[in-house]
Amino acid sequence: MDIRNIAIIAHVDHGKTTLVDQLLRQSGSFRANQQVAERALDSNELERERGITILAKCTSVVWRDVRINIVDTPGHADFGGEVERILSMVDGVLVLVDAAEGPMPQTKFVLGKALRRGLKPIVVINKVDRPDARPGAVHNEIFDLFALLDASEGQLDFPTLFASGRDGWATSEFDGPRHDLAPLFELIIARVPPPEADPDAPFAMLATTLEYDPFLGRMLTGRIHSGVARLNMPVKSLSRDGRILEQARLTKLLAFRGLEHRPTEEARAGDIVAVAGLQLTTVADTICAPEVTAALPADPIDPPTLAMTFSVNDSPLAGRDGGKVTSRVIAERLHREAEGNVAFKVQENAARDAVEVSGRGELQFGVLIETMRREGFELSISRPRVLFKSDPKSGQRQEPVEEVIIDVDEDFAGIVVDKMSRRKAELQEMRPSGGGKLRLSFLVPTRGLIGYHGEFLTDTRGSGVMSRLFHGYAPYKGPIEGRRNGVLISNAPGAAVAYALWNLEERGAMFVSPGDAIYPGMIIGAHSRDNDLDVNPAKGKQLTNIRTTSKDEAVRLTPPVQMSLEEAIAYIEDDELVEVTPKAVRLRKRLLDINDRRRANRAAAAE
Ligand SMILES: Nc1nc2c(ncn2[C@@H]2O[C@H](COP(=O)(O)OP(=O)(O)OP(=O)(O)O)[C@@H](O)[C@H]2O)c(=O)[nH]1
Ligand SMILES: [Mg+2]
């Protein structure tokens, strides 16, 4: 059968997974009565909850006797390291751009990678149904972006479709007929070249993504570069530098058919398949017949930019919710994660009571921690640290820098520019983006962005949109001020009392509600001043002989600040920790004892 391999790339939320739903549906990949969830490919629990794609996934549809393998990619920059490798297994890309938002940082990033690989993209201006769509202007912006990214003549001549992935239509003229996605299927078959692959050479494929299947174990997905893969055939694997990693058999061979992974006996060069049976092989390694000697060329995996320490939960409330609490089970779990997820590196400290995990972004860490707490783990998490590099020539210290694009109402631009420049951001561009909004672009050290997102939402009353993307390494920019407020620290154990919280409200915003468990050293609120304050949130009203009316005792409390896991991690300072259990996320001082903290502060002041 004729084959086409394509990837769908775009900025986060521009509608990739929704479009795949419709491609599956309109190609007749579902049975007539099959119940299919919306964004069917976002199949894992956290993907469904958060409405984002975390792992790239493969599917395939048949259109007029041509099999089209489709790879849906994550749009969020934290998971974007995968996209580059995925482009190595396809011969064409659909670049989706939201008809209202236009090209965004991740569009530029993934498009740049696709153009450099020599792929000729098909542009889909998506969500044309949006009332604020501006397809004409967006089309021009996309052309400018291609030019900016040094597209070749052939690439600049890109075909464009106007579409609503959600409503299931695409058309080559903006005012053309809005029937179905046939124009998109036709364009894919006409414009994407069939894979160039030699079925007569020995078998070789590059492992491109890795997943754990509860039944089959380690599953490696890739495009068969040459030859034929057969069930149970003996294979070996080679690392990028050509070392032999292991010898094994292909105990499972799976083809992607709609939403299913279908076992198959044989697959030929050019097709995308998943294989099982290898234990040590990972992404960017070559799986091949025993007689092959050279590894296939592969891009190195992006280095991590952020690190966090995971340690045992040693708060007084430890062990109440979770069954998995010891440093040994935590370390084992993290090692397993790093085996299956190439974006993470894991290292135990010398004392073996904490594990340093390095990765790429706060969201990526958030997803890992959330997964672990659902599995019953309790953890203490430190503030993320940026990983520095030293310039090989000058030995100068370098730090990761990100490109940040912010859309805000004009009224909020001042405060955003002010806050960003305090975080050592450089304003690159400021221009109107329609509807009284401004689009600001900055280059800013990753260090400066930790913890900014929550503040940004408050400053712009929730109306601002911010997106960020790894830009590169630049010379260290000097110290950046941290959180400006101190915190309110409990000096009592027990449970928070409404009356006490009501009295504390004038000191700052609370993080706890009446009845919540507290302990000495736990952070229960933000202080409105810059110093930390020890307070007693458990202190009730003095009872007197004369009973007051019950009305008098019912205090009205401002609802507490509810932080998500990621917000909590971004909020804390170096001398603080986030306590994570299956049921709770609490903030605490690293040193719980007030005297220990005083001593540490004195020592720090003396230095
Ligand atoms: N108006 C409109 N909304 C759409 C369309 N396609 C998708 N959406 C909405 O846009 C949101 C994001 O859609 P997804 O398909 O998850 O986007 P995605 O590009 O896969 O997102 P990530 O994988 O997280 O990068 C959802 O709320 C969709 O309902 C469309 O054609 N029109
Ligand atoms: Mg998606």
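If R₀ is 25 angstrom, what is the calculated FRET efficiency for the pair R328 and A350, using the beta carbon separation as r and rounding to 0.05?
For R328 and A350, the calculated efficiency is 0.95.
What ratio of Cα Rg to 2.2 N^0.38 Å holds for the stretch 369-444?
1.62
Apply 1/(1 + (r/R0)^6) to the Cβ-Cβ distance of Q396 and E291, taking R0 = 51 Å, and write down the FRET efficiency to the nearest 0.05.
Once rounded, the FRET efficiency stands at 0.60.
Where in the stretch 318-361 does the label zone of L280 land, with the point 7 angstrom along Cα→C-beta and an amide N cut-off under 17 Å?
339-340
Excluding ligands, DNA and RNA, what is the solvent-accessible area per residue of the stretch 289-444 at a probe of 1.4 Å, expressed in Å²? Write down the numbers at each step before the final one.
Working: 7210 Å² over 156 residues.
That works out to 46 Å² per residue.
Multiply the residue separation of E266 and K583 by 0.36 nm, subtract the distance between their alpha-carbon atoms, and state the gained length in nm to one decimal.
109.4 nm
To two decimal places, what compactness ratio does the stretch 215-297 give when its Cα radius of gyration is scaled by 2.2 N^0.38 Å?
Relative to the 2.2 N^0.38 Å estimate, the stretch 215-297 comes out at 1.01.
What number do you get for the stretch 249-294 when its Cα radius of gyration is normalised by 2.2 N^0.38 Å, N = residues? If you can, show how the numbers build up before the last one.
Values: Rg = 11.7 Å, N = 46, 2.2 N^0.38 = 9.4 Å.
Normalised Cα radius of gyration, the stretch 249-294: 1.24.
Hey, what do the phi angles of the stretch 578-593 turn into as Karplus ³J(HN,Hα) couplings, whole Hz, using 6.51/-1.76/1.60 and θ = phi - 60°, x for Gly and Pro?
With coefficients 6.51, -1.76 and 1.60, one gets 9, 9, 10, 10, x, 9, 9, 10, 10, 9, 8, 7, 4, 8, 7, 7 Hz.
I want to check the label-to-label distance for R257 and Q562. Put each point 7 Å from Cα in the C-beta direction and report it in nm to one decimal.
4.5 nm
Treating only the Cβ atoms of Lys and Arg (+1) and Asp and Glu (-1) as charged, compute the dipole magnitude of the chain about its Cα centre; round to the nearest 20 debye.
Roughly 1240 debye, rounded to the nearest 20.
Highest first, please rank the peptides 33-43, 235-245 by the mean number of other Cβ atoms sitting within 10 Å of their residues.
Ranked by mean Cβ neighbours within 10 Å, highest first: 235-245, 33-43.
In square nanometres and to one decimal, what's the mean projected area of the convex hull around the Cα atoms of the stretch 35-108?
6.6 nm²
Note the full-extension length gain between N485 and N536 as 0.36 nm times their separation in residues minus their Cα-Cα distance, in nm to one decimal.
16.5 nm
How big is D, in µm² s⁻¹, for the stretch 73-131 by Stokes-Einstein at 37 °C and 0.692 mPa s if Rh is the Kirkwood radius over C-alpha pairs?
Diffusion coefficient, whole number: 272 µm²/s.
Just name one of V90, A201, I518: the one whose Cα is farthest towards the positive end of the charge dipole of the chain (beta-carbon charges, Lys/Arg +1, Asp/Glu -1).
Result: I518.
Convex hull volume of the Cα atoms in the stretch 439-542, per residue, in Å³?
Working: hull volume 14.7 nm³, N = 104.
Per-residue hull volume (Cα only) is 141 Å³.
Note down the relative contact order for the chain as a percent, whole number, built from C-alpha pairs under 8 angstrom at least six residues apart.
For the chain, the relative contact order is 10 percent.
In the chain, if the dipole is taken from +1 on Lys/Arg beta carbons and -1 on Asp/Glu beta carbons about the Cα centre, which of G359, V292, G168 is farthest to the positive end?
So the residue we want is G359.
If you place +1 on the Cβ of every Lys and Arg, -1 on the Cβ of every Asp and Glu, and leave all else neutral, what size is the dipole of the stretch 63-111 about its Cα centre, to the nearest 20 Debye?
160 debye
Using a 1.4 Å probe over the heavy atoms of the protein chains, calculate the carbon and sulfur portion of the accessible area of the stretch 1-124 as a whole percent.
43 percent
Report, largest value first, the span of the C-alpha coordinates of the stretch 266-350 along each principal axis, in whole Å.
So the extents along the principal axes, rounded to whole Å, are 59, 29, 22.
Please report, in debye to the nearest 20, how large the charge dipole of the stretch 219-299 is about its Cα centre when each Lys and Arg carries +1 at its beta carbon and each Asp and Glu carries -1 there.
Charge dipole, the stretch 219-299, about its Cα centre: 140 debye, nearest 20.
What is the Cα coordinate range of the chain on the first, second and third principal axes, sorted by size from largest, in whole angstrom?
Reported extents, whole Å, longest axis first: 91, 62, 57.
Just the number, please: Stokes-Einstein D of the stretch 66-180 in µm²/s, Kirkwood Rh from C-alpha pairs, 10 °C, 1.306 mPa s.
Stokes-Einstein gives a translational diffusion coefficient of 108 µm²/s.
Just want the answer: with Cβ charges of +1 for Lys and Arg and -1 for Asp and Glu, which residue in G540, S152, T558 is farthest toward the dipole's positive end in the chain?
G540
How large is the convex hull of the C-alpha atoms of the stretch 271-415 per residue, in Å³? It would help to have the intermediate numbers written out before the result.
Working: hull volume 38.2 nm³, N = 145.
Once divided by residue count, the hull of the stretch 271-415 is 263 Å³.
Give a residue-ordered list of calculated ³J(HN,Hα) values for the stretch 433-441 (Karplus: 6.51 cos²θ - 1.76 cosθ + 1.60, θ = phi - 60°; whole Hz; x for Gly, Pro).
Calculated HN-Hα couplings, in order: 10, x, x, x, 9, 10, 10, 10, 10 Hz.
Quickly rank 274-281, 511-518 as a protection proxy: mean count of other C-beta atoms within 10 Å, highest first.
So the order, starting with the most tightly packed, is 274-281, 511-518.
Kindly state, to the nearest 0.05, the FRET efficiency for D180 paired with V465, given R0 = 45 Å and r defined as their beta-carbon distance.
Once rounded, the FRET efficiency stands at 0.90.
Heavy atoms only, probe 1.4 Å: what % of the accessible area of the stretch 287-333 goes to carbon and sulfur, would you let me know?
C and S atoms contribute 55 percent here.
Considering only the other residues whose Cβ falls under 15 Å of the Cβ of T160, what net charge follows from Lys and Arg at +1 and Asp and Glu at -1?
-3
Determine the principal axes of the Cα atoms in the stretch 332-464, then give the extent along each, sorted from largest to smallest and rounded to whole angstroms.
53, 44, 23
Could you check the simple spin-label distance between E246 and S152, using points 7 Å along Cα→Cβ, in nm with one decimal?
3.9 nm
Setting aside same-chain residues fewer than 8 positions from K437, which lysines have a Cα under 23 Å from its Cα?
Those lysines meeting the cut-off are K108, K127, K419.
Say the cut-off is 26 Å between C-alpha atoms; which of K113/K389; K120/K236; K16/K389 go over it?
Over 26 Å Cα-Cα: K120/K236; K16/K389.
The values are calculated or read from the model by the stated rules, or taken from the named source; none is laboratory data. Since this is a predicted model, take the numbers as computed values, not measurements. Backbone-built Cβ (ideal geometry, glycine too); neighbour counts: all protein chains shown. These accessible areas exclude ligands, DNA and RNA; they are computed on the full protein's heavy atoms, side chains included. Shrake-Rupley method; radii C 1.70, N 1.55, O 1.52, S 1.80 Å.
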